[in-house]
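What follows draws every value from the coordinates through simple rules; no lab data is involved. It should be emphasised that the depicted structure is a prediction, and the values quoted were computed from it without experimental measurement. Here the Cβ is made from the backbone with ideal geometry for all residues, glycine too, and neighbour counts use every protein chain on show.
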Amino acid sequence: MKPRIVILGAGFGGLELATALSETHGDSLAVTLIERSDHFVFGFSKLDVLFGKRTADAVRISYATVVKPGVRLVRETVTAIDAANRRVTTDAGVHDADYLVIALGADYDVSQTPGVVLGDNEFYTLEGATRMRDVVARFDRGAAVVGLCGAPYKCPPAPSECALLLHDQLEKRGVRGACSIAIVSPLSTPVPPSPETSAALLSAFAERGIEYLASTRVVAVDRARQVIKLDNGTERPCQLFLGIPKNRAPDVVIAAGLTKDGWVTIDPHTLETPFAGVWAIGDLANTGAPKAGVFSEVAAKTVAANIGALLRGETPTAKYPGSGSCYIELGAERIARVDVDFFSGPKPTGRFYPPSIALRADKEQFATTRRARWFGQR
Ligand SMILES: Cc1cc2nc3c(=O)[nH]c(=O)nc-3n(C[C@H](O)[C@H](O)[C@H](O)COP(=O)(O)OP(=O)(O)OC[C@H]3O[C@@H](n4cnc5c(N)ncnc54)[C@H](O)[C@@H]3O)c2cc1C
């Protein structure tokens with residue numbers, strides 16, 4: 001019998017892991033990739049949708065073209081995980097694994113933030129970004145707030161990018177003077193591991209009159225009174241709320257007893273859970289590194305290498321480096337980059353690359369290479 005590898009979730013982490021295993025082992029493995037959706041969406045595409053650059057249909061990438069030797073992608077919803085026995089239950093049946101990798105991403109919890117509604121006044125789901133596109137397009141006076149309801153959250157620079165892109169759109173429509181823009185963030189600076197990146201963003205905010213409220217969280221949105229409530233007990237006027245809901249591991253993972261404080265407990269270097277042969281990669285794992293697709297990918301490569309070693313009867317030696325490059329929209333069509341490294345030095349670092357034409361091309365290339373590698377799109 002071929003070794004059975006079951007991967008839960010075909011996002012950045014799951015797709016990269018399935019691809020890497022297929023490349024190295026082909027048909028000699030039985031890899032089952034379990035995914036509830038029929039399409040994948042790059043996180044950054046949600047900003048394109050929010051600001052009307054692309055439609056929701058244009059950014060959905062069908063899983064139908066994920067065809068790889070040794071990999072079977074099944075459209076099922078995971079309903080229970082028995083980590084001790086490496087057994088997964090879905091709405092269609094049961095999958096037993098020799099090696100189990102949980103890559104279900106982060107979910108959103110709006111239960112603690114009254115007034116925040118998924119698919120409505122947030123842009124972290126495709127549904128929310130699509131609905132808010134029309135609301136943003138009509139907004140022409142008053143206070144706009146890009147508001148975070150908790151940390152950690154996916155893609156630390158995304159709220160800053162959202163505020164800068166909103167500024168551009170309001171300018172283009174000639175209504176910027178009648179609107180204010182603020183970011184409410186629990187982080188002390190926009191990109192804490194990189195003082196240079198934070199400085200570039202803070203100076204872009206200052207040039208554009210965007211207010212950055214650091215170390216503050218949105219605790220409620222009162223639409224009737226058009227105010228938001230903050231964790232420091234104050235209120236602010238808000239006519240346009242662009243929310244980032246509190247993030248945490250999906251319910252099915254919490255119900256499996258794998259989490260502490262909302263995130264899966266793993267060894268941050270090997271990404272192993274306390275259960276033998278069970279790993280957790282990507283946004284749902286408590287690695288201490290940022291939650292971003294590039295980090296999920298690196299985690300997938302680490303686990304692929306270690307599963308490969310186990311299959312050969314060797315001791316796994318690959319370590320998760322906690323490093324990756326993030327592209328940052330700085331407004332006015334400019335793209336910068338930060339290379340973040342969490343584990344190689346005594347403290348996290350982030351090297352900043354100022355905006356350039358080459359970086360815009362690099363970002364486009366980033367999406368193109370993943371489309372080719374995971375979906376076979378040339
Ligand atoms: C606005 C925005 C901008 C972003 N920009 C960037 C960026 O520029 N660069 C970057 O690197 N990252 C960016 N990100 C973050 C990035 O999208 C995530 O960090 C990344 O997708 C995480 O990968 P993952 O594999 O951990 O989880 P995901 O990619 O979220 O994949 C999880 C998968 O599991 C599936 N799933 C969940 N529950 C179940 C279940 N019960 N049964 C079956 N399937 C299930 C989901 O459908 C999903 O396909 C951005 C995110 C947002 C919201």
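Computed on the chain, with alpha-carbon pairs under 8 angstrom and 6+ residues apart, the relative contact order is 18 percent. Residues of segment 335-378 with an amide N closer than 11 Å to a point placed 7 Å from the Cα of LYS319 along the Cα-to-Cβ direction: 343-345. Checking the Cα-Cα distances for LYS229/LYS363; LYS172/LYS291; LYS246/LYS347 against a 29 Å cut-off, the pairs over it are LYS229/LYS363; LYS172/LYS291. Percent antiparallel among DSSP beta bridges with both residues in the chain, to the nearest 5? Looking only at bridges with both residues in the chain, the antiparallel portion is about 50 percent.
Between ALA178 and LEU202, the modelled label-to-label distance comes to 3.3 nm, taking each label 7 Å out from Cα in the direction of the beta carbon. Over all Cα atoms in the chain, the spread is summed up by Rg and Dmax: 20.9, 68 Å. Provide the FRET efficiency to the nearest 0.05 for the SER28-THR77 pair, computing r from the beta carbons and using R0 = 30 Å. It comes out at approximately 0.55. Net charge of the neighbourhood of PHE12, taken over other residues with C-beta under 9 Å away and scored Lys/Arg +1, Asp/Glu -1, is -2. Excluding GLU333 itself, what net charge comes from residues whose Cβ is under 9 Å from its Cβ, given Lys and Arg +1 and Asp and Glu -1? Value of the local net charge: 0. If you build a Gaussian network model of the chain, linking Cα atoms that sit under 10 Å apart, which residue out of THR19, THR65, THR113 swings the most? Greatest mean-square fluctuation among the candidates belongs to THR65.
For the peptides 238-244, 9-15, the ranking by mean Cβ contacts within 10 Å, running from highest to lowest, is 9-15, 238-244.
Spatially, segment 317-332 and segment 10-34 are offset by 22 Å when compared through their Cα centroids.
The gain in end-to-end length when the ARG334 to ARG223 segment is fully stretched comes to 36.6 nm, 0.36 nm per residue minus the alpha carbon separation.
Report the residue, chosen from LYS347, LYS363, LYS301, that carries the largest GNM mean-square fluctuation when the chain is represented by alpha-carbon nodes joined by springs under 10 Å. Highest fluctuation of the listed residues: LYS347. Taking LYS2 as the anchor, which lysines have their alpha carbon closer than 28 Å to its alpha carbon, excluding any fewer than eight residues away along the same chain? Result set, ordered by chain and number: LYS68, LYS301, LYS319. In loop segments of segment 294-364 as defined by DSSP, the chymotrypsin sites (Phe, Trp or Tyr not before Pro) with at most 16 further C-beta atoms inside 10 Å of their C-beta are PHE343.
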